[in-house]
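Encoded as structure tokens, the structure appears first; notes follow it.
The values are calculated or read from the model by the stated rules, or taken from the named source; none is laboratory data. Quick caveat: nothing in here was measured; it's all calculated off a predicted structure. Note that each Cβ is placed from the backbone with ideal geometry, even for glycine, and that neighbours are counted across all protein chains shown.
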Amino acid sequence: MKRTWASLFLLGFAGQIAWAVENQFFNLFMFDKILPDPLYVSLMVAASALVATVTSIVMGALGDHLGRRRPFLLYGYLVWGVSITVVPMAEWARPALLAAWLLIALDCLMTFFGSTAFDANYNAYLAEATNKSNRGRGQSLLTLGTMLAILIVYGASGIVVSRYGYFVFFCGVGALVLVLGLAGGLLVEERPNPAPAHTGIWESIRGTFTKESITENRDFFMVLLAMGLWGMAFEVFFPFLMIYLNHYLKIPIDQSSLLIFVSILVGGVIAAYPSGWLSDRYGRRSVSVVSVFVIAVSLFLFSQSRDIVWLAVFGALWIGAQTAFATATGAWSKDLYPAGKRGQFSGYMTMFTVAFTMIPGPLLGGLIARVWGIRSVIDGRDAVIPTGAIFIAASVLILLTLIPLYAVTEKRTK
């Protein structure tokens, strides 16, 4: 089991390093080096979310059909790491509008490889390698990897970007993802899976959306709806977080990266394992509901803060609560995966947690930033700087998560 835990951690860690950079620093790269307009950040996030959703459903179903995970994990991570290194080449294109669309295309390419390896097959592997009695702790390894990944990215990014530029930064991240993915992939032990389905991949996908299948898996989709609403609220502000800190609060990139670093260290890393244990011990819903209220309050207080110490305090609070929510609902959704379709249902989780979140969320955040933002000029170009309104909107939207959470009947393991 130790080998399995090690592979789960390394692959989760590598994947979350890649997503942390893609979710935040691709956006900052677009804003700083190509077009300082929140709309193009929103379009890039939405396009990659669409690619992630389609890819994860289809490639997850393919993994189910073949009855294999290891090839997708081992080789998928290698190509994923390489794809990150080519992203900064978009800056070489002219005019700026062409460079913006090239960056969006490269982001989508990187997302295809990442969703194949991580969203579809890693999540299925985690579900297959654990059971209800220890899945919360297994999920906490992924959450811990997530927090450590963000910690490393934010801790090193400001220094690397300011001293060496984005090209060196993205190449370093790509190499790290490749090495960690190779190590984790080699540790993966194929487990006996249900026999590959005799029906075709497309028939299997279509069959999920029959009335009978949806009714049978109602609780699974309700948990995903809760995760989707949470993610949508999160994506209203998160793509613009560094832009807000750098350009609205005027906190330099090295200091703002350190601010996030401290918040994640205190709130995220410390909360990762306990939240998994608590969700195994006291139930997924209890941990999720408490987390929602903490997130709502701390995001509002974050929006009102100007002092870097209070920003770190309230940042640690919402990051810790986000960690607990992600761990509890992540384990809950995997409890409800049907045997034989775990890869495909990991794809549906991506549909709810990526497409249903990263398309409307950033677009709503971009709209709020444009309406309540500050018009400015950055490096001779017209710019719109987001304000604290994005955090206030997110703190209200997160409360909608409570509706589906209470609509699910949680089956506890004694």
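Do we find a residue being under 20 Å from the mean Cα position of the chain (by Cα) and within 26 Å of Ser256 (Cβ to Cβ) anywhere in the stretch 299-310?
Yes, the stretch 299-310 contains at least one residue that is under 20 Å from the mean Cα position of the chain (by Cα) and within 26 Å of Ser256 (Cβ to Cβ).
Within the stretch 1-19, track down each residue that is part of a helix (DSSP H, G or I), over 21 Å from Ile264 (Cβ atoms) and among the aliphatic types (A, V, I, L, M).
Ala6, the sole residue that qualifies.
For the subset of the stretch 323-379 comprising residues that are charged (D, E, K, R) and in contact with a strand residue (DSSP E or B) (Cβ under 7 Å, 6 or more places away or on another chain), which member is nearest to Ser303 (Cα to Cα)?
Arg370
In the stretch 156-171, how many residues are crowded, with 17+ Cβ neighbours inside 10 Å and among the small types (Gly, Ala, Ser)?
Here the count works out to 2.
For the structure I just gave you, tell me whether Gly185 is out of contact with any Pro (no Cβ under 6 Å at 6 or more places or on another chain), at pLDDT 90 or above and crowded, with 20+ Cβ neighbours inside 10 Å.
Here the answer is no, as Gly185 does not meet what is asked.
Please work out which residue is farthest from Leu141 (Cα to Cα), limiting yourself to the stretch 249-292 and to residues that are touching a Lys or Arg at 6+ places or on another chain (Cβ under 8 Å) and surrounded by 22 or more Cβ atoms within 10 Å (Cβ to Cβ).
Result: Asp280.
Kindly evaluate Tyr337 against the criterion of being outside any helix (DSSP H, G or I) and either of a type outside the set (Lys, Arg) or surrounded by 22 or more Cβ atoms within 10 Å (Cβ to Cβ) (or both).
When the stated conditions are applied, Tyr337 passes them.
Answer with yes or no whether Ala394 is part of a helix (DSSP H, G or I), modelled with pLDDT of 90 or more and within 19 Å of the chain's Cα centre (by Cα).
yes
Would you be able to tell me the number of residues in the stretch 293-318 that are surrounded by 24 or more Cβ atoms within 10 Å (Cβ to Cβ) and under 28 Å from Tyr122 (Cα atoms)?
2
Does at least one position in the stretch 84-98 carry a residue that is more than 22 Å from Leu180 (Cα to Cα), buried (at least 24 other Cβ atoms within 10 Å of the Cβ) and either within 17 Å of the chain's Cα centre (by Cα) or touching a residue at least 24 places away in the same chain (Cβ under 8 Å) (or both)?
no
Could you count how many residues in the stretch 354-372 are at pLDDT 80 or above and part of a loop (DSSP other than H, G, I, E, B)?
0
Conditions tested, residue by residue: (1) within 20 Å of the chain's Cα centre (by Cα); (2) closer than 30 Å to Ile374 by Cα; (3) aliphatic (A, V, I, L, M); (4) at pLDDT 80 or above.
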{"residue": "Asn246", "(1), (2), (3), (4)": "no, yes, no, yes"}
{"residue": "Asp254", "(1), (2), (3), (4)": "no, yes, no, no"}
{"residue": "Val262", "(1), (2), (3), (4)": "yes, yes, yes, yes"}
{"residue": "Ala272", "(1), (2), (3), (4)": "yes, no, yes, no"}
{"residue": "Leu278", "(1), (2), (3), (4)": "no, no, yes, yes"}
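Leu78 versus (1) surrounded by fewer than 20 Cβ atoms within 10 Å (Cβ to Cβ); (2) farther than 17 Å from Ile34 by Cα; (3) free of Cβ contacts under 8 Å to residues at least 60 places away in the same chain; (4) not small (Gly, Ala, Ser): which is the lone unmet condition?
Of (1) surrounded by fewer than 20 Cβ atoms within 10 Å (Cβ to Cβ); (2) farther than 17 Å from Ile34 by Cα; (3) free of Cβ contacts under 8 Å to residues at least 60 places away in the same chain; (4) not small (Gly, Ala, Ser), only one is false for Leu78: (3).
So which residues in the stretch 319-346 are of a type in the set (Phe, Trp, Tyr) and at pLDDT 90 or above?
Correct list: Phe325 only.
What about Ala383, is it in contact with a Ser or Thr (Cβ under 6 Å, 6 or more places away or on another chain), touching a residue at least 24 places away in the same chain (Cβ under 8 Å) and among the aliphatic types (A, V, I, L, M)?
So Ala383 passes the test.
Of all the helices (runs of 4 or more DSSP H) wholly in the stretch 37-122, which have at least 1 residues that are farther than 21 Å from Phe13 by Cβ and in contact with a helix residue (DSSP H, G or I) (Cβ under 9 Å, 6 or more places away or on another chain)?
38-66, 96-114
State whether one or more residues within the stretch 20-35 are in a helix (DSSP H, G or I) and over 19 Å from Phe238 (Cβ atoms).
Taking every residue of the stretch 20-35 in turn, at least one turns out to be in a helix (DSSP H, G or I) and over 19 Å from Phe238 (Cβ atoms).
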